[in-house]
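The values are calculated or read from the model by the stated rules, or taken from the named source; none is laboratory data. From a predicted model like this one, the values you see are computed outputs, not experimental measurements. Don't worry about glycine lacking a Cβ; one is built from the backbone with ideal geometry, like all the others, and counts go over all protein chains shown. The area values use the complete protein model at the heavy-atom level, side chains included, leaving out ligands, DNA and RNA. Shrake-Rupley method; radii C 1.70, N 1.55, O 1.52, S 1.80 Å.
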Amino acid sequence: MAASRFNRSILLLISSFILFGAERLSADDQTQSTVRLATTTSTENSGLLGYLLPYFERESGIKTHVIAVGTGKALRMGKDGDVDLILVHAKPAEIAFIEAGYGVQRHGVMYNDFVLVGPENDPADIQQAKDAADTLNRISARQQKFISRGDDSGTHKKELSLWESAGIEPEGAWYMEAGQGMGKVLQMAGELDAYTLTDRGTWLAYQERSPLSIRFEGDPRLLNPYGIIAVNPERYPDINYKGASELINWITSAKAQRLIGDYRINGTRLFIPSADTVLPTSDAEGNNGNPESR
């Protein structure tokens, strides 16, 4: 009798170990079949990822959990090991991220450009500006309303660099920091008849709902490159580095690059694929880096 009870106990213990192992294996499989991507809001607002990622998921069997935030927050999530990879658009910050040991390698994916949008009557007359610095000088000198994202996003970083290159420290009632994503900022600028800086992709997705229009474009300093970086598995061993690498390899492949180039809104291409290419400082065709003209 005692031996029988002992045997049953051993069998129960073995069964428990087998069940626990199966559950752990299932959980690990589920983790490896999902990749966490922190990305800028422009890739989401423009509809690009909604168009692009189903192709990757069908081909790889890997689901992509997209977290659309500003570039600064995406980088912080990578630093904390909360995501497997990042797709952002602030190259100096991306290089710093890698040099600090948080990321493995930056891969170019695509680019578009930034544009300055504002009221139809253009009270700062920036449409006549000779370059991006001149537009900001005109807005500041006439104290015309300007809405800044103010959220440490890639667009915000670019805007701050433009003010710095113009030798201006924006301040005063005319300069408003929203702390919001690009879509909300475009809405606010429209309501207040204000100027703002936006990436072209988000603008094309929102322009039909906005009373604003593009008032300045084409300066090579408004170029907007996007890079993708896997989080360093040596720092965070539990991340899905294999899945991140598969997504990086796919999005920089000839097929995905072709899909990116084919993506359009109302017939206008939003992004120019740029994997393994050197980005221009200006357009050799005389279009000043304007993706809309290609």
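Any chance you could count how many residues in segment 74-102 are open to solvent by less than 20 Å² (accessible area, probe 1.4 Å) and either among the aromatic types (Phe, Trp, Tyr) or in a helix (DSSP H, G or I) (or both)?
Looking only at that region, the number is 5.
Scan the strands (runs of 3 or more DSSP E) fully inside segment 145-221 and keep the ones with 3 or more residues being not β-branched (Val, Ile, Thr). Spell out the reasoning first.
Working: elements: 146-148, 175-177, 196-199, 213-216.
Filter on segment 145-221 gives 175-177, 213-216.
Listed residues 269, 209, 215; which is charged (D, E, K, R), modelled with pLDDT under 95 and farther than 18 Å from residue 109 by Cα?
Being charged (D, E, K, R), modelled with pLDDT under 95 and farther than 18 Å from residue 109 by Cα holds for just one of 269, 209, 215, which is 209.
Quick one: would you say residue 91 is out of contact with any Gly (no Cβ under 9 Å at 6 or more places or on another chain) and of a type in the set (D, E, K, R)?
no
Please tell me if residue 131 is touching a Lys or Arg at 6+ places or on another chain (Cβ under 8 Å), open to solvent by 60 Å² or more (accessible area, probe 1.4 Å) and of a type in the set (D, E, K, R). Steps first, please.
Working: touching a Lys or Arg at 6+ places or on another chain (Cβ under 8 Å): yes; open to solvent by 60 Å² or more (accessible area, probe 1.4 Å): no; of a type in the set (D, E, K, R): yes.
Answer is no for this residue.
For segment 43-66, how many residues are under 25 Å from residue 95 (Cβ atoms), open to solvent by 40 Å² or more (accessible area, probe 1.4 Å) and at pLDDT 95 or above?
Residues in segment 43-66 being under 25 Å from residue 95 (Cβ atoms), open to solvent by 40 Å² or more (accessible area, probe 1.4 Å) and at pLDDT 95 or above: 1 in total.
Determine if segment 83-90 includes at least one residue that is touching a residue at least 24 places away in the same chain (Cβ under 8 Å) and over 26 Å from residue 205 (Cα atoms).
Initially, segment 83-90 is screened for residues touching a residue at least 24 places away in the same chain (Cβ under 8 Å), giving 83-90.
Among the residues that remain, those that are also over 26 Å from residue 205 (Cα atoms) are: 83-84.
Looking through segment 83-90, at least one residue is touching a residue at least 24 places away in the same chain (Cβ under 8 Å) and over 26 Å from residue 205 (Cα atoms).
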